[in-house]
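Bear in mind these aren't lab numbers, they're just calculated from the coordinates by the rules spelled out. Quick caveat: nothing in here was measured; it's all calculated off a predicted structure. With ideal geometry, Cβ positions are generated from the backbone for all residues, glycine too; neighbour counts draw on all protein chains shown.
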Amino acid sequence: MDRNSLLSRVVADPKIMVGKPVIKGTRLTVQYVLGLMAQVSTINGILAEYEGLTREDILACLLFATETLANTTFAPLAGEAT
């Protein structure tokens, strides 16, 4: 699946989840899906838990996050050792 097709699966609407990016047709935010993956959930585990979700939906979340962070500059967190 190409980049544009994947990214079209992520939408932001102020009427849904206060405008946070979500998987189209759901109330599952990109942030929530990434959080599941950060907690060691697998793609198959997420798909088993959320009927109707597809592998491409999860890949779309990863691509969206990657592209969102591509041009972001980070500063060290307060109190972080340098």
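In this simple spin-label model, placing a label point 7 Å from the Cα along the Cα-to-Cβ direction at both Arg3 and Thr68 gives a separation of 1.8 nm.
Considering segment 3-65 at the alpha-carbon level, its Rg and Dmax are found to be 10.9, 30 Å. Shown in residue order for segment 46-60 are the 3J(HN,Hα) couplings computed by the Karplus curve 6.51 cos²θ - 1.76 cosθ + 1.60 at θ = phi - 60°: 5, 4, 5, 7, 10, 4, x, 6, 10, 4, 5, 4, 5, 4, 4 Hz (x for Gly and Pro). If the chain linking Thr42 and Val18 were pulled fully straight, counting 0.36 nm for each residue of separation and taking away their Cα-Cα distance, it would gain 5.9 nm.
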